[in-house]
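Heads up, the thing below is written out as structure tokens.
The values are calculated or read from the model by the stated rules, or taken from the named source; none is laboratory data. These numbers come from a predicted model, not from an experiment. Backbone-built Cβ (ideal geometry, glycine too); neighbour counts: all protein chains shown. For the accessible areas, the whole protein counts, side chains as well, though only heavy atoms, and no ligand, DNA or RNA atoms are used. Shrake-Rupley method; radii C 1.70, N 1.55, O 1.52, S 1.80 Å.
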Amino acid sequence: MDKLKKVLRGEEEEQDEQSIITEVYNASTLSWSTRIKGFIACFVIGCSLSILGSLLLFIPTSSGLKLFALLYSLGTVTALCGTLFLVGPVNQLKNMFKEKRIIATIIMIVMIALTLMAALWWQITILALLFCVLQFLASLWYSISYIPYARDGVKKCCESCMS
């Protein structure tokens with residue numbers, strides 16, 4: 001980390017670019033317990049925002065829908081950002097766009113955007129609710145992709161319920 005600080009200040013110019021990138025990639029000043037606390041804090045704040053947004057949905061004005069969509073989507077993003085504490089931003093982005101979860105990632109991002117658009121610009125309540133449900137399902141599908149064999153279990157459960 002000291003080398004990185006020297007390079008950023010321009011004091012050490014002879015270090016090659018690849019070693020700087022590696023040092024930035026591996027550098028972490030947070031202890032494991034601090035990372036866990038950051039993850040838990042983001043998860044709790046994200047869930048709280050989503051619940052608060054859901055409660056605001058029952059306000060009979062159009063501002064209730066806007067606040068719902070905004071808080072629910074912000075809650076989803078905040079909860080997702082908690083994983084940045086656990087694995088770091090570079091690893092998180094790599095994990096999000098791995099082959100097994102790229103579709104879930106893209107669908108989740110699109111549903112967040114569509115939820116906000118339906119509530120803030122189009123102001124169509126039923127669409128905002130539909131996109132919110134799809135956002136939740138995409139987020140759930142994305143989250144269980146980190147649990148080994150969880151997706152297969154969910155698929156088998158749904159297949160048995162359908163037949």
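The residues of segment 30-163 have, on average, 62 Å² of accessible surface per residue, using a 1.4 Å probe with all protein chains present. Here the extension length gained between CYS47 and LYS156 equals 36.4 nm, from 0.36 nm per residue of separation less the Cα-Cα distance. Within the accessible area of segment 41-163, the carbon and sulfur atoms contribute 78%, probe 1.4 Å, all protein chains present. Between VAL90 and LEU137, the simple label model (points 7 Å from Cα in the Cβ direction) yields a spacing of 3.7 nm. In segment 49-155, taking the dipole from charged Cβ atoms about the Cα centre, the farthest positive-side position among SER73, LEU86, SER54 is held by LEU86. In a reduced charge model with +1 at each Lys and Arg Cβ and -1 at each Asp and Glu Cβ, segment 63-163 shows a dipole moment near 160 debye about its Cα centre.
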